[in-house]
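Computed from the coordinates by the stated procedures, all read-outs in this text should not be read as laboratory data. These numbers were taken from a predicted model, which means no experiment stands behind them. Here the Cβ positions follow ideal geometry from the backbone for every residue, glycine too, while neighbour counts run over all protein chains shown.
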Amino acid sequence: MFSRRAILKAGGAGALAAAMRPWPSLAANAPGVTDTEIKIGQTMPYSGPASAYGVIGRTEAAYFKMINDQGGVNGRKINLVSLDDSYSPPKTVEQIRRLVEQEQVALIFNSLGTAPNSAIRDYLNENKVPQLFVATGASKFGDPEHFPWTMGYNPSYQTEARIYAKHIQANKPDAKIGVLYQNDDFGKDYLIGLKDVFGAKYAAMVVKETSYETSEPTVDSQIIDLQSTGADTFVIAATPKFAAQALRKAYDVGWKPLEYLTNVSYSVGAVLKPAGLEKCVGALTGAYGKEPTDPKWKDDPGLQTWRDFMNKYMPDASQTDNNITYAYGAAATMVQVLKQCGADLSRERIMKEAANLKDFPLPLLLPGMTLNTSPTNFNPIRQMQLARFDGQSWVLFGDLITA
Amino acid sequence: MRDAPAAATPERAGFSPARVAAIGLALVCVLGLPFVASGYQTFQLSQVVIYAIALLGLNLLTGYNGQISLGHGAFFAIGGYAAAILIVKFGVPYGVAVPIAGVVCFGAGFLFGLPALRLGALYLALATFALAVAAPQLLKFKAFDAFTGGVQGLLLAKPKAPLGLPLTRDQWLYFLCLGCAVPLFWAAANLVNSRIGRALVAIRDHPIAAETMGVDAALYKTTTFGISAAYTGVAGALMSLIVGFVSPDSFGLFLSLSLVVGIVVGGLASIPGVVVGALFIEFVPNFADRLSDVLGESAKAMPWAIYGILLISIMYAMPSGAAGAARKLAQAVVWRRREK
């Protein structure tokens with residue numbers, strides 16, 4: 001027989017358990033979310049060897065300021081806490097822990113660099129903190145099966161290389177290819193992409209692959225090396241300074257290969273002008289964004305809203321810097337995800353909405369291009385279109401290629 | 001004059017009640033801090049302990065033996081990679097990998113010490129500087145990719161507290177670092193207070209006189225280089241454990257320079273000084289970062305300028321580092337008492 005006390009105890013315990021169980025349909029908001037604010041964090045190399053990318057963090061802060069001036073997202077202002085990690089992974093770990101444990105941010109947004117993001121990926125996944133739209137093209141960050149809290153953003157370098165390889169295969173099947181690549185994950189991803197497509201024929205088609213270190217003053221000797229192999233096709237997987245040197249040197253030594261230039265270095269202002277515009281005629285690249293210096297976008301409404309933003313919120317910044325257009329798009333994507341979350345700003349919901357972007361257009365993407373994600377696709381941008389340099393600007397040709 | 005005997009034999013002062021109380025208090029703080037600090041702060045404290053070990057190694061070499069090294073970041077990297085490779089590629093337990101990393105670095109330091117014998121002060125500084133510049137590049141070297149993971153680096157699983165100890169990972173790692181630091185500090189203190197320590201200082205102050213007295217300068221200098229590298233290597237190994245990741249970008253040139261800044265701020269040829277140096281290199285850059293945030297969004301490039309200003313002011317106020325300033329202060333107190 002049950003005593004009254006035992007029944008009371010059991011009932012009390014049951015009620016307590018029910019009270020402690022989280023409400024199923026309304027999960028608690030993420031830390032850093034109040035009625036008036038959403039606090040998000042990131043690390044950026046404001047100092048050190050990669051400090052040129054610091055402008056990405058500044059642009060994003062300016063973009064969120066614009067959104068806040070317009071009333072924020074569903075009534076909440078976005079507060080971006082952007083910390084310097086000098087591109088040093090141990091520092092990134094320290095700063096990310098500060099953001100998550102001390103500043104109590106809801107999520108990590110667009111932290112920059114492959115090594116820094118690699119260093120924090122386990123920690124963030126273990127603690128179920130969204131690591132959204134990492135600023136690197138390394139292909140390993142779109143892996144929802146193993147890292148459900150980490151999402152990429154850029155089209156991966158490997159994808160881009162595959163597109164070039166397919167183009168070579170279709171248009172120049174007996175090409176003799178020389179590759180110049182930066183000796184790091186960025187450069188090596190291009191080799192992987194080429195290998196993906198050429199397969200067993202890789203050794204026959206790529207007559208020479210040569211690398212450089214970012215600490216080298218020039219890549220002149222590599223270019224002479226490549227020329228001497230008799231290659232007629234040249235894949236340039238180099239960051240802007242070295243890409244400019246490569247284009248110029250190839251022209252100056254009288255080497256006239258068909259050039260495929262990485263999208264990382266397609267800026268007319270920062271790469272082709274320093275190399276000499278006439279020396280780059282005929283080069284090909286894969287594009288996904290509108291180049292702000294290109295006259296054909298002069299009256300484009302997307303670029304016009306961007307210019308208005310620049311004039312008002314970043315009047316001193318250069319309007320030819322691709323890092324700025326990149327950051328503008330990333331910040332807009334972040335805002336879209338937060339908008340889709342509505343009133344429920346739990347970390348689970350944020351991740352769910354990040355994986356639920358459907359045909360989201362960005363003002364600075366090429367016409368027809370959209371962002372798409374799903375629970376099995378954590379690479380938002382996967383389209384590109386080839387473009388040829390005509391001496392003034394990039395001329396798009398062919399269709400959008402989805403990799 | 002009451003205090004004169006105590007002042008005349010300062011080494012006995014170690015047993016005065018005040019000193020015992022101070023040491024006790026410090027002990028309680030060091031052991032108790034991780035239980036009141038957050039996980040993030042405990043992580044920072046572990047980094048302080050690690051930097052202190054590395055600075056101790058560098059101070060043995062530069063402070064006591066007078067060999068300037070601008071390249072200790074390279075030994076830090078070798079230690080970090082040695083431990084990471086042993087753990088990830090060979091499945092060695094971390095308790096074994098850390099001492100092995102120290103031994104590997106001893107070997108590397110000893111070997112580097114041999115050519116360093118022929119290089120005088122500034123030339124040695126340049127040679128070691130070259131080592132620091134080369135280290136990240138060598139770590140990327142293609143032939144080593146299978147071991148080093150190339151530019152992708154290596155990920156390590158963070159160790160958990162063993163034997164069911166009721167400690168979080170951060171607390172356990174802190175005590176692990178502390179457990180490495182205590183014997184290393186004890187050994188260093190004994191070393192510099194021994195015959196060998198006096199020989200090291202003699203070589204620094206007057207090499208020719210030291211050799212005349214029968215000190216084998218070559219042996220002492222290379223061995224010191226080895227020991228110094230071993231300390232720094234252990235620190236690097238511990239760092240890779242608490243960060244859980246190594247890559248060439250982790251060991252940039254700035255790390256080497258930070259270590260030099262650390263021993264100069266703490267005070268050359270001082271063992272307690274390295275703790276101050278470690279606190280400096282861990283917390284002052286963060287402090288400068290926050291200070292520049294106060295100045296506004298446009299000041300994102302300011303932290304290092306603020307850091308520089310802080311560094312210059314500290315060197316102006318304490319030209320012989322924290323240890324030197326403490327010594328001066330203690331002397332002033334003693335003199336004040338004598339005058340009474």
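A few notes on this one:
- Listed by chain and number, the aspartates and glutamates whose C-alpha is less than 13 Å from the C-alpha of A:Lys172, apart from same-chain residues fewer than 8 away, are A:Asp232, A:Glu259.
- Cα shape, the protein assembly as shown, gyration tensor, a/c 1.5 rule: oblate
- Global geometry of segment B:212-331, whether rounded, prolate or oblate, following the gyration tensor of its Cα atoms and the 1.5 cut on a/c: oblate
- Under the Karplus curve 6.51 cos²θ - 1.76 cosθ + 1.60, θ = phi - 60°, whole-Hz ³J(HN,Hα) for segment A:294-304, x wherever Gly or Pro sits: 6, x, 6, 9, 3, 9, 5, x, x, 5, 5
- Sum of side-chain charges, B:Ser38 neighbourhood, beta-carbon under 14 Å (Lys, Arg +1; Asp, Glu -1): -1
- Relative contact order of chain B, pairs being alpha-carbon contacts under 8 Å that are 6 or more residues apart, as %: 30 percent
- Considering only B:Arg169, B:Arg118, B:Arg198, the mean-square fluctuation computed in a Gaussian network model of chain B, springs between alpha carbons under 10 angstrom, is largest for B:Arg118.
- When chain B is treated as a GNM with alpha-carbon contacts under 10 Å, the residue of B:Leu33, B:Leu241, B:Leu25 showing the greatest mean-square fluctuation is B:Leu25.
- 10 Å Cβ neighbours from other chains, averaged over peptide A:177-187: 2
- Summary of packing: across the peptides B:253-263, A:267-277, A:203-213, the per-residue average of other C-beta atoms within 10 Å ranks them, highest first, as B:253-263, A:267-277, A:203-213.
- Shown is the FRET efficiency for B:Ala26 and B:Tyr316, computed with R0 = 41 Å from the Cβ-Cβ distance and rounded to the nearest 0.05: 0.90.
- Computed per residue of the protein assembly as shown from DSSP H runs no shorter than four, each worth -39500 (n - 2.57), the mean residue ellipticity at 222 nm is -17500 deg cm²/dmol.
- The mean number of Cβ atoms from other chains found within 10 Å of a Cβ in peptide B:155-162 is 1, as a whole number.
- Rounded to the nearest whole Hz, the Karplus-based 3J(HN,Hα) values (6.51 cos²θ - 1.76 cosθ + 1.60, θ = phi - 60°) of segment A:215-224 follow the sequence 8, 6, x, 9, 10, 4, 5, 5, 5, 4, with x at glycine and proline.
- For A:Ser346, the residues whose amide H sits under 5 Å from its own are A:Ala30, ignoring neighbours fewer than 5 places away on the same chain, with H placed 1.01 Å from N.
- Cα gyration tensor category, rounded, prolate or oblate, for segment A:157-287 with a/c compared to 1.5: rounded
- Share of pairwise Cα-Cα distances greater than 23 Å in segment B:39-253 is 46 percent (whole percent).
- Here A:Lys128 is the anchor, and the aspartates and glutamates within straight C-alpha reach of less than 19 Å, apart from those fewer than 8 places off in the same chain, are A:Glu94, A:Glu101, A:Glu103, A:Asp143, A:Glu145, A:Asp344, A:Glu348, A:Glu353, B:Asp170.
- Here the peptides B:145-154, A:296-305 are ranked by packing, the mean other Cβ count within 10 Å, and the order with the highest first is B:145-154, A:296-305.
- Average partner coverage of A:111-120, which counts Cβ from other chains inside 10 Å: 4
- Among beta bridges that DSSP assigns inside chain A, antiparallel share in %, nearest 5: 30 percent
- Taken over chain B, lysine pairs spaced eight or more positions apart, or on distinct chains, with alpha carbons under 26 Å apart number 6.
- Built amide H within the under 5 Å cut-off of A:Ile40, gap 5+: A:Asn79, A:Leu80, A:Val81, A:Ala106
- Using only Cα coordinates, the Kirkwood hydrodynamic radius of segment A:25-73 works out to 13.0 Å.
- Of B:Gly109, B:Gly324, B:Gly273, the one that fluctuates the most in a GNM where chain B has Cα springs shorter than 10 Å: B:Gly324
- Karplus 3J(HN,Hα) series, Hz, for segment A:61-72 with 6.51 cos²θ - 1.76 cosθ + 1.60 (x for Gly, Pro): 4, 5, 5, 5, 5, 4, 4, 5, 4, 8, x, x
- Simple spin-label estimate for A:Ile224 and B:Ala130 gives 2.3 nm between the two label positions (7 Å along the Cα-to-Cβ direction from each Cα).
- Under-5 Å amide H pairs with A:Val206, H placed in peptide plane, nonlocal only: A:Ile177
- Per-peptide average of other Cβ atoms within 10 Å, ordering A:228-235, A:307-314, B:311-318, B:58-65 highest first: B:58-65, A:228-235, A:307-314, B:311-318
- Antiparallel DSSP beta bridges within the protein assembly as shown, as percent of all bridges there, nearest 5: 35 percent
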